[in-house]
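I have placed the structure first, in the form of structure tokens, so that the comments after it can refer back to it.
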Amino acid sequence: MGEVRLRVSCNGDWSLTTHPLPAWLTVSPTRGTAGDTEVVVTCANDPASADVTTKEVLRFYSSYPSGSALAGVTVKRFHRDAVYAILTPRGGGEPIIATNSDYINIRRGVYYRVRVYLSYDAVKGYTVESRDLNMRTDGASGNIDPLVVGFDQIYAATATGTESHTLYIHHLIPYAPPNPLRLHVSVD
């Protein structure tokens, strides 16, 4: 089970209009008043849909101005035994969540901390983080020079084009297949 806390800031009353929610997703509270409200989004290990990756868009609406869209938040729950990476900018900002063979875009001059996870499995029932990472790229190219790979981070020093590097992330996760994640990385 995973949990995320969001802050909803609004000038008027607001409500979540995504109904009904799927069995694996709960949101509390689903409405609030003007100001800041903490909203807890919980993603459960639902055995009925454990073999598919699922996403849901949470749509929040405000009464000020009347009936206007406030925000949309996409929640993605990976299928059982899925291996995925989260790249988090070290100085703050939105993390990038990627599964095998995804195309991702990173910013030049930003260090990204890399973490690899196994989504909940039938035996453990919860998310497991990798204990070891070994990353490599497919080599320097003319447009990304270089993509620096450290113990648990990547960093693009310069970029002059839009072609992607292939980043291989070898991981050590109990119960996960030993195949590395392969991400296609381009740089802004």
Tell me, what % of the accessible area of the range 2-77 is carbon and sulfur with a 1.4 angstrom probe?
50 percent
Measuring with a 1.4 Å probe in the full set of protein chains, what accessible area per residue, in whole Å², belongs to the range 2-77?
58 Å²
Under 5 Å, built H, 5+ apart or other chain: amide partners of residue 58:
73, 74, 75
Amide H within-cut-off set for residue 79, under 5 Å, with H built and near neighbours excluded
53, 54
Which value in nm describes the separation of the simple spin-label points at residue 55 and residue 175, placed 7 Å from the Cα toward the beta carbon?
2.6 nm
When ranked by the protection proxy of mean other Cβ atoms within 10 Å per residue, highest first, what sequence do the peptides 92-103, 32-43 form?
32-43, 92-103
Given 0.36 nm per residue, what is the gain on full extension from residue 79 to residue 94 after removing their alpha carbon distance, in nm?
3.1 nm
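The values are calculated or read from the model by the stated rules, or taken from the named source; none is laboratory data. These numbers were taken from a predicted model, which means no experiment stands behind them. Cβ sites come from the backbone with ideal geometry, for glycine too, and all protein chains shown count toward neighbours. Areas reflect the complete protein model, heavy atoms only, side chains present, ligands, DNA and RNA absent. Shrake-Rupley method; radii C 1.70, N 1.55, O 1.52, S 1.80 Å.
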